[in-house]
1. Sorted from largest to smallest, which semi-axis lengths in Å does the alpha carbon gyration tensor of the range 183-243 give for its equivalent ellipsoid, taking the root of 5 times each eigenvalue?
2. Calculate, in nm to one decimal, what residue 141 and residue 96 gain on full extension: separation in residues at 0.36 nm each, minus their alpha carbon distance.
3. Choose one answer from 36, 171, 105: the residue with the largest mean-square fluctuation in a GNM of the chain with alpha-carbon springs under 10 Å.
4. R0 = 30 Å: FRET efficiency of residue 68 with residue 198, Cβ-based, nearest 0.05?
5. Over the range 87-208, what is the relative contact order in whole percent, taking alpha-carbon pairs under 8 Å and six or more residues apart?
6. In vacuo Debye scattering of the range 20-72, one point per C-alpha: log10 I(q)/I(0) at q = 0.24, 0.25 Å⁻¹?
7. Sequence gap at least 6, Cα distance under 8 Å: using those rules, report the relative contact order of the range 5-237 to the nearest whole percent.
8. Highest mean first, how do 189-196, 62-69 rank when packing is the count of other Cβ atoms within 10 Å averaged over residues?
Ligand SMILES: Nc1ncnc2c1ncn2[C@@H]1O[C@H](COP(=O)(O)OP(=O)(O)OP(=O)(O)O)[C@@H](O)[C@H]1O
């Protein structure tokens, strides 16, 4: 096996009850690589992330994390093996920013001093959050909440990061800061699969873009290929088979 492959998906199919949403998805994400999943609403992007994270079970196919078949493993076991999932901007609204992060650090089994050091390390990456550590998370803006979620991810030190709806509803200036963080995680070797509605955002962050339609991957391109063929991305995102 290619030792750089962090996530490998083979023939993944399934959906909800009798409704089949995914039809034989194959993909890989390597160490330090960021892969974006693009496509119109309803093609199955979120369903794929749910299956990868263990929230939903596939009907067929396998999910391999760092060379280990995790298809039958629960979500928590996948987290322990290095998979971290960000879905939306979830946080405990009544808890302060710091307490949200401390709770997240507990499963790592550190004592209180070490927990605070880990939390401070994550906060150091987000100056905007660092000045709001005592505020309830409910008071944060959408962008700040996304930062809080990514700060939690830093604490987990994942090998694989799955992000659903990365920039949805966020101001461009906020997205810019978050992109920088994902680039830093990639530089540290984290493999990232990110669902991104905006192809422009996806092109600025990803090494490869996968385009989905009707539960299958219909095309794969690098940002350079997309820049060299104006209109290709637009046609793919609108759901047209471009090739
Ligand atoms: N809990 C559910 N039960 C039944 N069908 C569902 C459920 N969740 C999603 N679906 C259906 O599965 C299909 C794929 O949805 P999914 O959310 O994965 O698409 P998506 O590409 O992520 O789109 P969006 O960006 O709009 O979320 C859609 O037809 C949707 O209606």
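1. 22, 13, 9
2. Roughly 14.8 nm would be gained on extension.
3. Of 36, 171, 105, the Gaussian network model singles out 171 as fluctuating most.
4. Working: r = 33 Å, r/R0 = 1.11.
Given R0 = 30 Å and the Cβ-Cβ separation, E is 0.35.
5. Details: 136 pairs, mean separation 35.2, N = 122.
Relative contact order here is 29 percent.
6. At q = 0.24, 0.25 Å⁻¹ the computed log10 ratios are -1.13, -1.20.
7. For the range 5-237, the relative contact order is 29 percent.
8. Going from most to least packed, we get 189-196, 62-69.
FYI, it's all coordinate maths here, none of it is from the lab. If you're wondering where the values come from, they're calculated on a predicted model, not measured in any experiment. FYI the Cβ positions are ideal-geometry reconstructions off the backbone, even for glycines, and counts take in every protein chain you see.
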